[in-house]
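**Student:** I'd like to ask some things about the structure below.
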């Protein structure tokens, strides 16, 4: 049974006041808060088990290694990877995309090839491909979106050709909330021989992902948007592709034998994990995924739909509010502009009412350019949010309008 | 604790709603672009400094939050008709005001109506909004062009 009071009490940070008002944390698309079990797992590691992994023969190192690899196993199960070898720890989704662009892209992309992305990508799924195109002479193609903030499928289909070598698509847009039809995108891309990278940074806390059912080549995400710590994320790739790719960074842990003439690289996944990893981060990530599993995506999805529907109804009835992003398939994000109040002024004013939202371009400047707005205000919801917090947001919006009336 | 009205005083709301000296000057010999990548605020300033070193006319255009628009409006009002040699002192005075300790009372005599912006001290993430126009003006004045441009 879904018990909102129990869930809220799992997150110690939520029970505080900001400027004398109860905190309404509605900036979950930027980062989610962390449940006590994640905080405890990280503390426990440093209090009891801290040691370097894959090295020592002593007890602490054995324990640290077991916990670190245990987290990898949890993550592999969560995304239904074929094995733990397909799960590469990175600093986050951004580094995972850069890893693919640099390693796979460097080995496979040449002048005349095309990389196809969409107009709603986060900068992290634009710039690494631009850099790759500059290095190789390949061309970056961008599939357009419509006024609702949805990918225009016919235009995407037209841009997808035998020249397309990689398709990079966001699973769920952080700026608009749009959920893309990734299963059909992947199938179409494979039909022309292109590989597919799905940016799951925003989606993975809200939607169940099965990388085998999707047949996706690369799926990336960040722990901190899934109730886990910052500084850790994953690249989940098909083993056959990862094995064919050259290393991304050189260093310790990614080698088998080093001589000054030549080095031999480790097996997967260690080939891509040079240097001492973010051990406590991985452990916290594993615990965060167990937390998500303990609630379950059925309950999470149902609750988050209720919250979005409640907020959307309020938004539609709010005078002078224009929603940015009204896709039929969307989740958890209410992006908007208010007539006569700039998003930054809104952000400051609602903050004084205890309501935390994001104001800005959400690292998706092309989306702002498309909708001809310099910035938007964005409220984004998570499983621990309540209708009362959404009410607090709209009361604060009214106050902002009054100040500028 | 500061009230929101300390930041969004009526003067600021008014200058945001009807900014003074808004638009492009017909004659100008200095201009510069200002951009705050964090929030997307964009600003362009124009000024016409005459042979006596007086700021004969000054204007700005662009888009931004209320603090940034009001600050640019107030800045142009303050500089218009003043010797360009006074700019550096005014720039420093403004910078000091928006970054000073909260218990320091702004020097209203020296700052004039610019003092209404002293409330941003309480809102660290908004200080840049208030100071963007001053930095833009500084670069306009320092990168002077030989001849006045006409459009």
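**Student:** Kindly provide the set of residues from region A:341-360 that are assigned to a strand (DSSP E or B) and within 15 Å of residue B:39 (Cβ to Cβ), ordered by number.
**Tutor:** Hits for region A:341-360 are A:341, A:358, A:359, A:360.
**Student:** Just for region A:204-257: of the residues that are surrounded by fewer than 24 Cβ atoms within 10 Å (Cβ to Cβ) and on the phi > 0 side of the Ramachandran plot, which one is modelled with the lowest pLDDT?
**Tutor:** My answer is A:253.
**Student:** Being touching a helix residue (DSSP H, G or I) at 6+ places or on another chain (Cβ under 7 Å), in a helix (DSSP H, G or I), under 29 Å from residue A:294 (Cα atoms) and assigned by TED's automatic domain parsing to the domain that holds residue A:236 is true for just one of A:64, A:101, A:81. Which residue is that?
**Tutor:** Being touching a helix residue (DSSP H, G or I) at 6+ places or on another chain (Cβ under 7 Å), in a helix (DSSP H, G or I), under 29 Å from residue A:294 (Cα atoms) and assigned by TED's automatic domain parsing to the domain that holds residue A:236 holds for just one of A:64, A:101, A:81, which is A:64.
**Student:** Also, quick follow-up: One residue is enough: does region A:126-149 have a residue meeting the conditions assigned to a helix (DSSP H, G or I), touching a residue at least 40 places away in the same chain (Cβ under 8 Å) and surrounded by fewer than 23 Cβ atoms within 10 Å (Cβ to Cβ)?
**Tutor:** The answer is no, given that none of the residues of region A:126-149 is assigned to a helix (DSSP H, G or I), touching a residue at least 40 places away in the same chain (Cβ under 8 Å) and surrounded by fewer than 23 Cβ atoms within 10 Å (Cβ to Cβ).
**Student:** If I filter region A:340-350 down to residues being within 20 Å of residue B:42 (Cβ to Cβ) and over 25 Å from the mean Cα position of the chain (by Cα), which single residue comes out as surrounded by the fewest Cβ atoms within 10 Å (Cβ to Cβ)?
**Tutor:** A:340
**Student:** Here's a follow-up. Mind listing just one residue for me: the one in region A:351-371 that is farther than 15 Å from residue A:30 by Cβ and within 11 Å of chain B (Cβ to nearest Cβ) and, of those, surrounded by the fewest Cβ atoms within 10 Å (Cβ to Cβ)?
**Tutor:** For region A:351-371, the residue satisfying everything is A:369.
**Student:** Checking the structure you have, find out if any residue of region B:42-57 is in a loop (DSSP other than H, G, I, E, B), farther than 17 Å from residue B:138 by Cα and within 14 Å of chain A (Cβ to nearest Cβ).
**Tutor:** For region B:42-57, residues in a loop (DSSP other than H, G, I, E, B), farther than 17 Å from residue B:138 by Cα and within 14 Å of chain A (Cβ to nearest Cβ): absent.
**Student:** OK, next. Restricting region A:377-405 to residues that are outside any helix (DSSP H, G or I) and modelled with pLDDT under 95, which is farthest from the other protein chains (Cβ to nearest Cβ)?
**Tutor:** That would be A:405.
**Student:** Right, another one. Please return the ranges of strands (runs of 3 or more DSSP E) entirely within region A:221-323 where 2 or more residues are under 20 Å from the mean Cα position of the chain (by Cα).
**Tutor:** A:233-237
**Student:** Report the residue count in region B:23-34 for those that are in a strand (DSSP E or B) and surrounded by fewer than 15 Cβ atoms within 10 Å (Cβ to Cβ).
**Tutor:** 2
**Student:** Does region B:116-139 hold any residues that are touching a helix residue (DSSP H, G or I) at 6+ places or on another chain (Cβ under 9 Å) and over 17 Å from residue B:15 (Cβ atoms), and which are they?
**Tutor:** B:121, B:122, B:123, B:125, B:127, B:128, B:135, B:138
**Student:** Enumerate the pairs (first residue in region A:258-277 and not assigned by TED's automatic domain parsing to the domain that holds residue A:235; second residue anywhere and part of a strand (DSSP E or B) and surrounded by 14 or more Cβ atoms within 10 Å (Cβ to Cβ)) with beta-carbon separation below 7 Å, excluding pairs fewer than 6 apart on the same chain, so at least 6 apart or on different chains.
**Tutor:** none
**Student:** Follow-up. Kindly provide the set of residues from region A:267-279 that are over 12 Å from residue A:249 (Cα atoms) and surrounded by fewer than 19 Cβ atoms within 10 Å (Cβ to Cβ), ordered by number.
**Tutor:** Result: A:267, A:276.
**Student:** Which number in (1) assigned to a helix (DSSP H, G or I); (2) under 24 Å from residue B:4 (Cβ atoms); (3) more than 14 Å from chain A (Cβ to nearest Cβ) marks the one condition that residue B:121 misses?
**Tutor:** (3)
The values are calculated or read from the model by the stated rules, or taken from the named source; none is laboratory data. What you are looking at is a predicted structure, and each value in this text was computed from that prediction instead of being measured. Neighbour counts run over all protein chains shown; Cβ positions are idealised from the backbone, glycine included.
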